[in-house]
Each structure stands twice: as structure tokens, then as C-alpha cells.
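**Student:** If you scroll down you'll find the structure; I have some questions about it.
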């Protein structure tokens with residue numbers, strides 16, 4: 001097992017002086033304490049003993065009804081609550097799907113980049129993860145087919161295809177409708193399971209919603225992962241899976257052994273909250289407005305402070321931007337330097353299992369106020385410029401006004417190296433690496 | 001993976017007409033709704049945003065402080081909160097310990113019987129479980145040493161020894177002080193890890209508390225499992241592990257992949273609840289008084305309604321009694337018959353991985369009122385008497401007053417057979433089996 005870069009990095013960046021664009025957190029300070037008090041007071045009056053008791057492993061009926069309602073809003077109508085397994089956050093769905101389907105050495109297909117939090121789950125079950133490149137329309141389905149053909153020729157069959165079609169974490173892109181249709185067709189033709197991870201589907205800031213893979217497929221080959229974490233609160237740790245019955249039953253057994261059931265208290269909190277007429281839609285609208293503004297501020301700041309060599313996604317929803325820098329810049333090294341300037345991001349390598357992503361980074365815009373977004377991006381832009389200038393000095397191709405004093409290549413902090421799955425490298429090794437790049 | 005007998009059985013026994021002595025539930029109806037309202041109102045005023053947000057994987061500081069306080073009350077003073085991992089119920093500790101330590105085929109030592117809920121966890125990780133018999137002083141340490149010697153001679157080394165020293169689930173017995181001391185010595189001499197599962201330690205109804213294995217060991221070889229489930233509420237899904245650092249770090253990584261962190265909302269509920277002066281001790285005292293009374297009612301009812309061939313443990317605390325019937329009675333068959341009489345228990349086989357336990361049953365006394373305990377035990381006693389009489393008719397040794405009409409041997413319901421990990425048996429096969437027993 002490897003450690004989760006993202007979670008450990010969060011701990012490092014909890015220092016108050018650090019502007020963290022590294023997290024994946026919704027802004028829960030927007031949730032009114034009076035509303036929290038109202039929901040829990042209703043629970044106290046109606047369901048105290050149930051909220052404190054064990055619950056069925058598959059989840060409580062009231063919570064499953066709410067889940068069916070949310071899934072309809074996400075674009076999948078008519079879900080049967082019996083097809084739902086309530087889980088301890090969306091993360092547990094990934095864990096249980098791996099636990100149920102993956103034996104060591106089995107192939108899992110994922111996007112390149114993929115959700116950094118899935119990396120330790122895939123690793124824990126010793127999956128052999130094959131990552132398929134994306135463009136602005138999401139996973140390249142041509143590449144997927146080529147890969148499946150190649151694997152088939154080798155006699156290897158993936159256990160499932162893991163995808164985040166909406167507002168990809170960390171890629172920031174959304175899979176187009178034609179690609180969704182093709183992916184579902186491929187799954188059907190080849191009888192392959194797809195795990196559709198859709199935490200952000202309702203956090204859309206522009207454009208029209210696209211159908212879920214689950215709705216296109218009808219539930220034969222698509223396992224759906226949903227969660228209340230981004231539309232209500234991650235502190236509930238309530239997510240869910242909707243899966244074909246035989247898979248769902250095995251996941252249920254896996255969940256029994258894992259934690260018996262998810263918290264009754266937080267399941268009933270969700271049920272009570274969603275029962276308040278008009279409430280959840282209004283809160284969701286307020287989140288979309290807030291995050292849309294922050295996304296725009298980040299896009300402006302990137303245009304102002306990042307060098308012209310940098311490119312980034314323009315997400316239509318979700319929480320993240322994906323930035324790619326010139327390939328002579330290593331964002332893992334850059335992070336060490338950025339932390340010295342009290343700013344953090346997730347280096348791209350955390351989103352790959354194959355060592356790629358070294359020149360990319362994930363930036364979060366949901367949790368940070370406008371001023372901090374601007375200042376954080378400015379600071380990162382500054383350390384990037386240092387590297388660009390340094391590279392220019394070495395190669396004679398630098399293009400900025402005045403050569404600066406050569407910055408000392410950052411030593412990778414051993415703790416950080418561990419966080420990022422990397423051996424600590426000495427400054428002189430980095431130097432050599434740079435010079436010959 | 002096999003299914004968890006206990007959890008599935010709970011679902012079957014949720015029918016309102018069934019008196020279930022099968023559960024392992026504390027009586028959460030004893031928790032005042034006004035107290036729930038008070039605790040959550042304080043949370044709303046102080047920590048709404050935190051309660052709704054992600055938390056560190058290892059757990060929240062306020063919750064860990066409370067855990068250190070509870071562990072001191074349980075007999076382990078001076079725990080460093082940095083040695084604590086907050087988990088999604090005690091069940092997750094078992095899962096994470098297996099995930100961290102067990103490769104397929106590895107040996108785990110457990111008691112005979114062992115916690116039925118651990119069975120699917122051990123099975124999921126394909127542990128080879130060796131079960132050591134108990135008597136009224138808990139695990140027979142002589143047998144343990146013999147087993148360890150035998151395994152060592154075979155070149156096999158257990159990954160850990162799993163034990164429930166206090167008020168064993170399902171055995172109802174408590175490990176004596178000399179055996180605790182010997183177990184800790186053995187662990188130290190042989191450098192073996194021990195997983196001490198202590199959910200019921202504070203639910204003592206008579207006698208003096210004994211030191212925990214963790215306190216005797218000092219933390220070198222003992223992994224401690226604690227939980228709020230039985231002293232506060234299982235609906236929180238908050239348990240914890242205290243483990244040697246290298247093990248704890250690996251469990252932390254495993255937890256990241258499993259569910260990122262346990263619910264912030266329920267962690268803070270616990271922290272807030274335990275901060276009310278005098279509250280948790282007073283509630284615990286009330287639980288002990290209630291459960292002591294129910295235990296006594298069950299002991300009286302057993303003496304009145306069960307045949308003289310039956311024996312049972314007299315637990316000094318906890319939630320369970322373990323009853324052993326004459327070996328010609330199969331409690332799995334008996335359960336099918338008992339459910340026809342609207343009463344349920346956990347058949348002993350669910351507490352073994354090796355097919356033993358066929359003549360035993362676990363009875364719970366914490367969740368059922370006095371009248372239902374009496375009536376439930378009476379009904380079970382009646383179906384046992386049928387079997388005893390039937391056996392007597394077959395063998396000519398029956399000792400009851402008048403021979404009754406021979407009852408039809410119960411067919412095992414297919415659903416139930418699945419629950420109990422058994423192939424459905426036809427009545428004629430049972431018949432033959434009985435006749436030749």
C-alpha cells in the first residue's frame with residue numbers, strides 16, 4: 001500500500017499561514033448553523049433512538065428515498081431503492097468495488113489523470129491500473145478501444161473501467177455526449193463493468209446537464225457512485241452505490257465486514273434535511289453561485305500570473321482546475337518551493353500510477369476566498385517564473401527581462417517525498433537532471 | 001467472502017411479531033431525546049462548519065481526548081492521542097488490522113467461539129483462523145501455547161491473536177488476571193501481536209474490573225480496539241484503535257483508501273456529549289443497572305424453561321449469554337423451528353469458522369424488556385424440549401412424562417440456510433442424521 005498524497009498533503013497545509021489550493025473541500029462555512037440546529041432538533045423530536053442505533057447494512061429506507069430523489073436530479077430517473085447501497089462516503093464505493101472485483105494483478109482502466117484518492121485504493125488491492133488519456137471531451141474513447149483490443153490480444157480482461165464523466169477530478173473536463181454513448185456501447189458489447197463516479201454532477205456553473213452513463217446504460221453494466229459530500233456535507237460520510245444486483249450483494253457483504261453500516265445519525269440528518277421543502281435546491285444554487293465566482297477569479301488570476309507556456313482546463317462545474325506547465329518543470333519540486341512561499345497545490349504525479357503527470361498540478365477553487373485565490377495563484381506563478389527563468393539561464397533561451405540570481409533548486413522535504421511517493425532527491429541530482437533536460 | 005450470519009439474521013428478525021434475542025444491540029431508547037437535542041444544539045452553536053467538513057484521517061483532536069479519558073476509565077491510563085486512530089465503528093478496526101497484516105492463507109488465532117461479526121472480515125482476507133477453546137476463565141492459555149508450538153514446528157507464524165477478554169461475545173466469559181498476564185508474556189516472548197477487542201469493558205454488573213491487556217503490555221504488542229457503540233451509541237459509528245506506531249501508520253493508510261475519515265459530525269457529537277460534566281458516567285450507570293436486571297431475568301428464565309441438559313455462562317457484564325445444549329441438538333435447525341414460534345437467537349455455528357458450535361446458541365439480554373425475555377426464553381425452551389423428547393423417542397431414553405406426537409423435523413429455509421452459511425438440508429437427511437447421532 002502507498003500513502004494517499006492528497007490526504008497527507010492536507011495535513012501539511014493545515015498551517016494557518018498557508019493558502020491551500022490543494023484540498024478538495026466544499027465550503028461548509030456556507031451552511032447556516034440555524035439550519036443545522038433546526039434539522040437536529042427535528043431529529044431529536046422524531047428519531048433519537050433510531051439515530052443512535054445500528055442500521056441495516058444496505059442503508060435506511062428514508063435515506064434511500066432521498067438518494068433516489070437526488071439521482072433523478074442528477075439525471076437518472078426511477079432508481080429502485082433496493083438497488084442502492086448506502087456507504088461511508090463515496091470513497092467506500094471505490095474500496096468495496098475493488099474489494100469485490102479485484103484480485104492482485106487484475107486490470108482496472110482509469111483516466112489519465114485519475115482521482116488521487118482512488119490511487120491508494122487501487123494500490124491496496126494491487127490492481128494493475130491502465131490509464132487512458134483525456135482531452136477537453138473527457139476520456140479518449142478511441143484510445144480506450146485500442147487499449148481494450150491490445151489487452152484482449154494478451155488474454156487480459158479489465159475488471160472495470162473507472163471514470164468521472166462530470167467536471168473531472170483532477171482534470172476539470174466533462175465527457176461529451178457522443179463519448180458517453182460510445183463508452184456505454186463498448187461496455188455492453190464487451191460485457192465490461194463501468195464505475196461512474198459522479199460527486200459533482202449537480203455543481204454545474206454553465207451549459208446543459210448531460211445524461212449519466214447509468215441512465216444511458218439502464219443499469220446492466222454501470223455501477224454508479226453518488227455522494228452527499230459536495231451538495232450537502234462531507235462530514236456526514238454518506239455516499240452510495242447503485243449497482244447490478246449480483247455486484248451489489250457482494251458489496252453488501254464486503255461492507256458488513258468493513259463497518260457493519262454507515263452512521264444512522266448522519267443518514268437521518270440527510271433524510272431530515274432533504275425533507276424540508278425547497279431547502280436543498282436553494283442551498284445547492286447558492287453553492288453553484290459561490291463556486292462559479294471563485295472559478296472565474298481563479299481563471300483571471302491564472303491568465304494574469306502564470307506564464308504563457310502554461311495551459312489549463314476551463315471547468316464547467318466541480319471544484320478543480322488542471323494546469324499543465326512546460327515539461328522541464330517538475331511540480332513535485334515546485335511544491336516544495338511553493339510551500340516555502342506558503343501556498344500549496346496537488347502535484348500532478350498524485351493522479352497517476354505510472355509516474356506521469358510530473359509537469360501538471362491540480363488547483364482547487366471551492367474552499368478559498370477570492371483574495372486568497374488571487375494571492376495563492378500569484379505566489380505559484382512567481383515560483384513557476386523562477387523555474388522558467390532558471391531553465392532559460394541554463395539553456396540560453398530565457399525570454400524574461402533580466403536574469404535573476406540563480407535560485408537554489410529546492411530540496412524535496414523527506415516528509416513531502418513520502419507524501420508524494422517519491423524518493424527524496426538531492427539538489428545536485430536535480431541540477432544534473434535539469435541541465436540535461 | 002461469506003455473508004455475516006448475525007447481520008442478515010437481524011434483518012429476518014425485524015418482523016415486529018418476533019422476539020429477537022439474536023441482536024447485539026444496546027437499548028438506545030434509554031437515551032433522552034432532550035439530551036440529544038442539547039448536544040446537537042451546542043454543536044450548532046460552536047462547530048457547524050467543522051461537523052460538516054472532512055476531518056483528518058486519524059481523527060479529530062477533541063474526539064481523541066475523549067477517547068483517552070474513556071480508555072483511562074477502561075483501565076488504560078495515559079494514552080497518547082497520537083497513538084489513536086479513530087475508526088468507523090470497532091468493526092473497522094478488525095477490517096483494517098486484517099487489511100494491514102493478513103495475506104491469503106495467513107494464520108489468525110481467535111477464541112472458540114469468536115465474535116460472529118469478525119468471521120466475514122477474517123474470511124474476506126482469506127485468513128486461516130485457528131480457534132482456541134475457552135472455559136469460564138476465558139481463552140485456555142495452555143492450549144494456546146500448545147497450538148503456537150505446533151504451528152512453529154510447521155514453520156507457521158500467526159499474524160495476530162484476536163481476543164475479547166471482557167464479557168466475551170458470544171461466550172459471556174471474562175479472561176482471568178493470571179491468563180491475561182500469561183497471554184501478554186507469551187506475546188512478548190514470541191513477538192506476536194494481540195488484538196484486544198474491548199467493547200463492553202465498562203458494562204460490568206458485578207465484580208472488580210481487571211486490567212486491560214494493553215495496560216499490562218504497555219503498547220508493544222497489543223492493538224487495542226475500543227468503541228462508543230455500547231457506552232453511548234452505535235449509530236455514531238465511532239470506534240478506535242490504539243496500536244504500535246508502525247502498525248498504526250499502515251492502518252491509517254488503509255483507512256484513507258477505505259473511507260478517508262470517520263464522520264466529523266458524529267465525532268463531534270461524542271466530544272460534545274463527553275464534555276458535559278457527570279453525564280456519561282451517569283448514563284453508563286443507568287445502562288449497567290438496566291442490563292444487570294435483564295441479565296438476571298434471563299438467568300431466571302433459563303433455569304425455569306431450559307432442560308437440565310443445557311448449560312450456560314453467567315456473564316458479569318456485557319450483552320450476551322452462551323448456551324450449550326446436548327450435542328444431538330443442532331441449533332441451526334432449532335432456529336428454523338424457533339422462528340416459526342416467533343423467537344430468534346444466533347446459532348452457535350456463526351461464531352466458528354471450523355463448523356463447530358452446532359449445539360450452542362448466543363442469547364442477547366440488553367435490547368429486550370423483561371416480559372419479552374421471559375416469553376422468548378420460554379418459547380425457545382419449548383422447541384428444545386420438543387427436540388429432547390424427539391431424541392428420547394428415537395433412542396428410548398426419553399425422560400419426559402408423556403411421549404408426544406413426533407414433530408416433523410424442520411426444513412431449513414433456503415434464505416436462512418444462506419444466512420447461516422449452510423446448504424439447505426432436506427428433512428429426510430436430517431432425520432437420518434439424527435437417528436444415527
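We did not get these values from a lab; they are worked out from the coordinates using the rules stated. Remember, it's a predicted structure, so these values are computed and weren't measured experimentally. As a convention, Cβ positions derive from the backbone with ideal geometry for all residues, glycine included, and neighbour counts pool all protein chains shown.
**Student:** Below 8 Å between Cα atoms, with a sequence gap of 6+, how large is the relative contact order for chain A in percent?
**Tutor:** 22 percent
**Student:** By how many degrees, 0 to 90 and rounded to 10, does the Cα axis of helix A:370-395 deviate from the longest principal axis of chain A?
**Tutor:** It works out to around 40 degrees.
**Student:** I've got another one for you. Average the reciprocal distances over every distinct pair of alpha-carbons in the range B:1-134, invert the result, and give the Kirkwood radius in Å.
**Tutor:** About 18.5 Å, per the Kirkwood formula over Cα pairs.
**Student:** Across peptide B:48-61, how many C-beta atoms of other chains are within 10 Å of each residue C-beta, on average?
**Tutor:** Partner-chain Cβ atoms within 10 Å, mean over residues of B:48-61: 6.
**Student:** Across the residues of B:189-202, average count of Cβ atoms on other protein chains within 10 Å?
**Tutor:** 0
**Student:** Evaluate the relative contact order of the range B:163-253 (contact order divided by residue number), counting alpha-carbon pairs under 8 angstrom at least 6 apart; express in whole percent.
**Tutor:** Once divided by the residue count of the range B:163-253, the mean separation gives 24 percent.
**Student:** Quick check on packing: order B:128-141, A:353-366, A:86-99 by the mean number of other C-beta atoms within 10 Å, highest mean leading.
**Tutor:** Ranking, from highest mean packing down: A:86-99, A:353-366, B:128-141.
**Student:** Can you give the % of DSSP beta bridges in the range A:50-274 that are antiparallel, to the nearest 5?
**Tutor:** 40 percent
**Student:** Taking only the alpha carbons of chain B, what extent do you get along each of the three principal axes, in Å, biggest first?
**Tutor:** The Cα atoms of chain B stretch 69, 58, 39 Å along their principal axes.
**Student:** Separate question: Nearest 10 degrees is fine. How inclined is helix B:33-52 to the longest principal axis of chain B, computing both from alpha carbons?
**Tutor:** 50 degrees
**Student:** Let me ask something additional. If packing is taken as the average count of other Cβ atoms within 10 Å, what order do B:38-50, A:222-234, A:56-68 fall into, highest mean first?
**Tutor:** A:222-234, A:56-68, B:38-50
**Student:** Suppose we keep just the DSSP beta bridges with both residues in chain B; what percent of those would be antiparallel, to 5?
**Tutor:** Of all bridge pairs located within chain B, approximately 55 percent are antiparallel.
**Student:** Between residue A:15 and residue A:142, what is 0.36 nm times their sequence separation minus the Cα-Cα distance? Round to one decimal in nm.
**Tutor:** So the chain would gain 41.3 nm between residue A:15 and residue A:142.
**Student:** Related question: How much of the DSSP beta bridge set in the protein assembly as shown is antiparallel, as a percent to the nearest 5?
**Tutor:** Within the protein assembly as shown, antiparallel bridges account for around 55 percent of the total.
**Student:** Using the number of other C-beta atoms within 10 angstrom as an exposure proxy, rank A:269, A:160 with the fewest first.
**Tutor:** Going from least to most buried by this count: A:160, A:269.
**Student:** Another question about this same structure. Where q = 0.10, 0.13, 0.14, 0.16 Å⁻¹, what log10 of I(q)/I(0) comes from the Debye formula for the range B:52-274, counting one point per Cα?
**Tutor:** Reported log10 I(q)/I(0), two decimals: -0.41, -0.70, -0.82, -1.08.
**Student:** Using just the helices of the protein assembly as shown, give the 222 nm mean residue ellipticity in deg cm²/dmol: DSSP H runs with n ≥ 4 each add -39,500 (n - 2.57), and the total is spread over all residues, rounded to 500.
**Tutor:** -14500 deg cm²/dmol
**Student:** Still on this structure, please answer the following. Expressed as a whole number of Å, what is the distance separating the alpha-carbon centroids of the range A:217-239 and the range B:302-366?
**Tutor:** 40 Å
**Student:** What length, rounded to one decimal in nm, is gained on full extension from residue A:72 through to residue A:208, with 0.36 nm per residue of separation minus their alpha-carbon distance?
**Tutor:** 47.4 nm
**Student:** Also, quick follow-up: What FRET efficiency, computed as 1/(1 + (r/R0)^6) with R0 = 60 Å and r the Cβ-Cβ distance, is obtained for residue A:61 and residue A:393, rounded to the nearest 0.05?
**Tutor:** For R0 = 60 Å, the calculated efficiency reads 0.35.
**Student:** Taking each residue in A:29-42, count the Cβ atoms of any other chain within 10 Å of its Cβ, then average. What number comes out?
**Tutor:** Across the residues of A:29-42, the mean count of other-chain Cβ atoms within 10 Å is 5.
**Student:** Debye sum, Cα scatterers, the protein assembly as shown, no solvent: what log₁₀ I/I(0) at q = 0.08, 0.09 1/Å?
**Tutor:** -0.75, -0.93
**Student:** Taking 51 Å as R0, compute the FRET efficiency from the Cβ-Cβ separation of residue B:82 and residue B:309 and round it to 0.05.
**Tutor:** 0.45
**Student:** Ignoring solvent entirely, what values of log10 I(q)/I(0) come out of the Debye formula for the range B:182-328 at 0.13, 0.17 Å⁻¹ when each Cα is a single scatterer?
**Tutor:** Debye curve over Cα of the range B:182-328, log10 I(q)/I(0) at q = 0.13, 0.17 Å⁻¹: -0.83, -1.13.
**Student:** Mind pulling the angle between the C-alpha long axis of helix A:141-153 and the longest principal axis of chain A? Nearest 10 degrees, somewhere in 0 to 90.
**Tutor:** That works out to roughly 80 degrees.
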